[in-house]
């Protein structure tokens, strides 16, 4: 799939078949995250790969919009490292770029995925810290649910001319 | 170019030829940004397209790492809208995903681009607000410099096994 086509056809997929995502694909998705740009190339990220159904259940208990984990085969928790980031607040930017790379890789591999928001909701962050035993310098940024897609979605119209400004606001 | 290949081969390109980037490509890059996911699909972004050499000079005066604008043909200022975002702090996440989509589109089109950090540096944000006359609810997130590449870079090794954690930290 071409890059531009992939960017335009990626959708948030929340229903998955029971088919397993091969380990090799999981490594490709992680690699895609690691090739995101980051401020001063600090790569202030970590990735937790989750396949435990018990952990999925724990997350669904504390996160109001994580119901898609019911059918997900794998999930990724993208975390920022405040000891590695270029300066305060950069981990949010860098981890968001990494998350987007991973979602595009998932789509490019023929899988389906969705960005489940963690940061900037403090309550969700604290719950994730407890579930995964995160050290103080590790900030949970985003969760990605992933599996073989069991739904397809139409192409939306998201191009908005009024969002474009020329030379000045 | 395939998505996965594009993700892995994208590099920060800071030297450009004097060749013009066609308007059609600029629209593709903007469209890529608009197709990023955003919390609750709020699409809390705006894009300023900059081609004025005078504006490039103003930015280079206030930004210590914007020297590549010297040879850039076009630049994009990605901005967040605090009136549109899902909740406080979401615009940073959403605009970072949009910026990454745009960088991948630039690469996919055979152009070169680089992410010039604005947020979270308050001084740079204030200077951009003044240069572009941004309203109070509009937050400058990132600048992208772009042009026909006049440099190529080797493929780095960024895959780090130690960044991957299984099931728990």
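Side notes on the structure shown:
- Residues of region A:52-67 classified as more than 11 Å from chain B (Cβ to nearest Cβ), assigned to a loop (DSSP other than H, G, I, E, B) and touching a residue at least 24 places away in the same chain (Cβ under 8 Å), total: 2
- Residue check for residue B:105: under 25 Å from residue B:2 (Cβ atoms) and within 11 Å of another protein chain (Cβ to nearest Cβ): yes
- Checklist (1) outside any helix (DSSP H, G or I); (2) touching a strand residue (DSSP E or B) at 6+ places or on another chain (Cβ under 8 Å) applied to residue B:93, failing item: (1)
- Residues that are within 17 Å of the chain's Cα centre (by Cα) and surrounded by fewer than 22 Cβ atoms within 10 Å (Cβ to Cβ), drawn from region B:74-91: B:81
- Evaluating residue A:142 against the criteria (1) under 10 Å from the mean Cα position of the chain (by Cα); (2) over 18 Å from residue B:120 (Cβ atoms) leaves one unmet condition, (2).
- Annotation: of all residues in region A:123-155 being in contact (Cβ under 8 Å) with a residue 60 or more places away in the chain and facing another protein chain (nearest Cβ under 9 Å), the one that is surrounded by the most Cβ atoms within 10 Å (Cβ to Cβ) is A:141.
- Scanning region A:33-63 for residues that are within 24 Å of residue B:105 (Cβ to Cβ) and loosely packed, with under 15 Cβ neighbours inside 10 Å yields A:40, A:41.
- Residues that are buried (at least 21 other Cβ atoms within 10 Å of the Cβ) and within 7 Å of chain A (Cβ to nearest Cβ) within region B:11-26 are absent altogether.
- Condition met for residue B:105 (closer than 12 Å to residue B:80 by Cα and crowded, with 21+ Cβ neighbours inside 10 Å): no
- Of all residues in region A:72-90, those satisfying the criterion of being part of a strand (DSSP E or B) and facing chain B (nearest Cβ under 10 Å) are A:76, A:77, A:79, A:81.
- In region B:27-50, the residues that are facing another protein chain (nearest Cβ under 9 Å), under 15 Å from the mean Cα position of the chain (by Cα) and within 22 Å of residue B:117 (Cβ to Cβ): B:30, B:32, B:33, B:34, B:36, B:45, B:46, B:47, B:48, B:49, B:50
- Per the conditions (1) facing chain A (nearest Cβ under 7 Å); (2) part of a helix (DSSP H, G or I), the sole criterion not satisfied by residue B:115 is (2).
- Single unsatisfied condition, residue B:1 versus (1) within 24 Å of residue A:9 (Cβ to Cβ); (2) modelled with pLDDT of 95 or more; (3) touching a strand residue (DSSP E or B) at 6+ places or on another chain (Cβ under 9 Å): (2)
- Restricted to region A:1-10, and to residues there that are part of a helix (DSSP H, G or I) and in contact with a helix residue (DSSP H, G or I) (Cβ under 8 Å, 6 or more places away or on another chain), the residue that is farthest from the other protein chains (Cβ to nearest Cβ) is A:9.
The values are calculated or read from the model by the stated rules, or taken from the named source; none is laboratory data. Since the structure is predicted, the reported quantities are computational estimates derived from the model, not experimental observations. Neighbour counts are summed over all protein chains in view; Cβ atoms, including those assigned to glycine, are modelled from backbone coordinates with ideal geometry.
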